[in-house]
Each structure stands twice: as structure tokens, then as C-alpha cells.
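Here is the structure we will look at, set down as C-alpha cells.
The values are calculated or read from the model by the stated rules, or taken from the named source; none is laboratory data. Because the structure is predicted, anything quoted here is derived from the model rather than measured. Every residue, glycine among them, receives a Cβ derived from its backbone with ideal geometry; neighbour counts consider all protein chains shown. For accessibility, only protein heavy atoms count, side chains too; no ligands or nucleic acids. Shrake-Rupley method; radii C 1.70, N 1.55, O 1.52, S 1.80 Å.
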Amino acid sequence: MTPLVLLPGMMCDARLFGPQIEALSGRVPLMTHPLSAQDSVEAMAADVLSHAPPMFALAGLSMGGIVAMEVLRQAPERVERLALLDTNPLAEADEVKTRRGPQMEAVRQGGLRQVMRDELKPNYLADGPRQGAILDLCMAMATDLGPEVFLRQSIALMGRPDQTDTLSAYQGPSLVLCGEDDRLCPLERHELMHKLLGNSTLEVVIGAGHLPTLERPQETTAALRRWLEVP
């Protein structure tokens with residue numbers, strides 16, 4: 001069975017994939033890789049490759065998807081299949097870069113919790129009964145990682161490359177998945193990735209926003225199982 005490498009989003013860790021890890025453990029070899037020690041997408045991807053098995057399935061959510069695409073660019077022969085969840089193949093837009101500056105300064109001044117609470121978290125989730133608990137988990141992951149990780153990840157995202165050519169060249173089995181109500185990485189971005197990837201399936205998770213792994217775990221896990229071809 002091909003091992004599965006999971007890459008979490010910005011200011012998240014393996015807990016982002018908690019329901020999927022629980023459901024898939026024993027069915028497929030699993031590893032999650034932190035994206036916290038480097039300040040460029042290229043260096044993050046190189047670090048993933050230095051620790052990953054020789055051949056693997058690769059799934060990334062949000063920033064994890066951005067790094068997954070760079071892993072694919074650097075070593076396409078090692079990626080047996082690819083899943084991109086709630087992510088964006090394009091370089092960062094200028095208006096988003098402009099917003100990052102004040103966020104980063106606030107974090108340098110000790111305001112990580114405020115930035116997460118006021119600027120990032122409100123855009124993460126669809127309305128639902130578990131929203132509060134998921135937001136609490138997001139805050140716990142962010143505070144555990146800390147301000148230096150926030151700054152490194154912000155710098156990495158600002159300088160990320162466009163990956164449309166990378167996706168166009170890849171022919172492995174691919175899953176493109178997003179929450180129906182994702183405001184950070186909307187459906188049109190996923191339709192673009194689906195179009196670029198020649199052997200892909202597009203799945204939209206109803207009732208989820210930017211974090212379907214936590215908001216709609218059963219539906220998301222089912223989509224991953226179909227992609228992995230495991231029962």
C-alpha cells in the first residue's frame with residue numbers, strides 16, 4: 001500500500017486531519033509533516049521530500065496544498081497520487097500581500113491570538129453546530145505553533161510560485177476538494193485545478209467552509225478513500 005503524506009494548512013498541525021487519521025489508520029501507512037521551520041514554499045517542499053518515502057500519495061489542505069504542489073514540481077516521479085483541498089495554485093495576489101504586513105506586525109507585537117481571532121478565523125468555517133469547537137481547536141493549534149511560525153509561513157506564502165504548469169504536467173490520480181462555503185479559496189480556484197489536472201475528480205463538500213476535514217469529516221474521509229482506492 002502506498003503511504004499517504006498529509007500536509008496541514010497555515011498555523012495548523014496534524015490535528016487538522018484528526019478524523020481522517022483515525023479513520024484511515026490501519027488501512028494505509030500515514031505520516032503528517034509540519035510546515036513550520038522554513039520561510040519559503042520551496043524549502044518546505046524540499047524538507048517534505050527529505051523525510052517522505054520514495055513513493056507516496058500526497059494530500060495538502062490550504063497552505064499544505066500549496067506546498068504539495070511545490071513537492072510535485074520538485075519531484076513528480078515520487079508522487080503516486082495527489083489530493084488538493086481548499087487551496088490555490090496561483091501566486092499570491094498583491095492585495096493579499098498588502099494585508100499580510102499589518103498582520104505580521106501585530107504578531108511581532110504579541111498579537112497572535114488577536115490576529116487569529118479577528119482576521120483569519122472568521123473566514124475559515126461555514127455556520128454549523130460544531131463551529132465553536134473547531135474554532136477553539138484552530139486557536140489551540142495556532143498558539144501551540146507560536147508567532148515565529150506565523151511569520152515564517154506568512155513570508156513563504158507571499159513568495160509562493162504559480163503552479164499552473166506543474167498541475168498541467170501531472171497525470172496521476174488526483175482529487176480536488178473544497179468546502180462549498182470556502183471564502184478563502186473559492187470554488188472557481190478548484191475548478192481551475194480540476195481543469196489543469198488531466199486525471200482528476202472534483203468534489204464539493206456541502207455545509208463546509210475552508211476546513212472540511214473538521215467541519216464535514218465523514219464526507220471528506222469518504223472522498224479521500226475513493227481517491228486512495230481503499231475501503
Exercise. For segment 29-160, what are the per-bin percents of Cα-Cα distances with bins 5 Å wide, up to the bin holding the maximum?
Worked result: 2, 10, 18, 21, 20, 15, 10, 4, 1
For this session: Let me see the pair-distance distribution of segment 125-188: every alpha carbon pair, 5 Å bin width, integer percents in order.
Result: 3, 12, 11, 17, 21, 18, 12, 5, 0
Exercise. Near the amide H of residue 175, under 5 Å away, which other amide H atoms are found, from residues 5 or more places off or on another chain, if H is placed in the peptide plane?
Worked result: 82, 83, 84, 201
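Charges only on Cβ, +1 for Lys and Arg, -1 for Asp and Glu: so what's the dipole of segment 1-131 about the Cα centre, in debye to the nearest 20? Don't skip to the end; give the middle numbers.
On the way: 13 positive and 16 negative charges, 66 e Å.
Rounded to the nearest 20 debye, it is 320 debye.
What does the helix-only formula give at 222 nm for the chain: each DSSP H stretch with n ≥ 4 adding -39500 (n - 2.57), the total divided by the residues, and the result rounded to the nearest 500 deg cm²/dmol? Present the calculation step by step, with values, prior to reporting the outcome.
Values: 11 runs with 107 residues, N = 231.
Per the formula, -13500 deg cm²/dmol.
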For this session: Report the one residue of 187, 115, 171 whose Cα lies farthest in the direction of the positive end of the charge dipole of segment 94-207 (charges on C-beta: Lys and Arg +1, Asp and Glu -1; origin at the Cα centre).
Result: 115
Seminar exercise, completed: For residue 210, other-chain or 5+-apart residues with amide H closer than 5 Å (H placed, Pro excluded) are 125, 126, 183
For this session: Hey, can you find the accessible area per residue of the chain for me, probe 1.4 Å, expressed in square angstrom?
Result: 42
Problem set entry | Phi to ³J(HN,Hα) by Karplus 6.51 cos²θ - 1.76 cosθ + 1.60 over segment 150-157, Hz, x for Gly, Pro | 4, 5, 4, 5, 4, 4, 4, 5
Exercise. How do 92, 219 rank by accessible surface area computed with a 1.4 Å probe, from largest to smallest?
Worked result: 219, 92
Seminar exercise, completed: For segment 30-94, the Debye formula with one identical point scatterer on each Cα and no solvent gives log10 I(q)/I(0) at q = 0.11, 0.19, 0.21 Å⁻¹ as -0.22, -0.66, -0.81
Exercise. Roughly how big is the chain's charge dipole about its Cα centre, with Cβ charges of +1 (Lys, Arg) and -1 (Asp, Glu), in debye to the nearest 20?
Worked result: 280
For this session: Scan around residue 30 for amide H atoms under 5 Å from its own, H built in the peptide plane at 1.01 Å from N, and keep only partners 5 or more places away or cross-chain.
Result: 4
Exercise. Each residue of segment 62-70 in order: what ³J(HN,Hα) in whole Hz does its phi give by Karplus 6.51 cos²θ - 1.76 cosθ + 1.60, θ = phi - 60°, with x for Gly and Pro?
Worked result: 6, 4, x, x, 4, 5, 4, 5, 6
Exercise. Could you state the principal axis extents of the C-alpha atoms in the chain, from the largest down, to the nearest angstrom?
Worked result: 46, 37, 31
Problem set entry | Fraction of the pair-distance distribution of segment 127-231 above 21 Å, Cα-Cα pairs, percent | 50
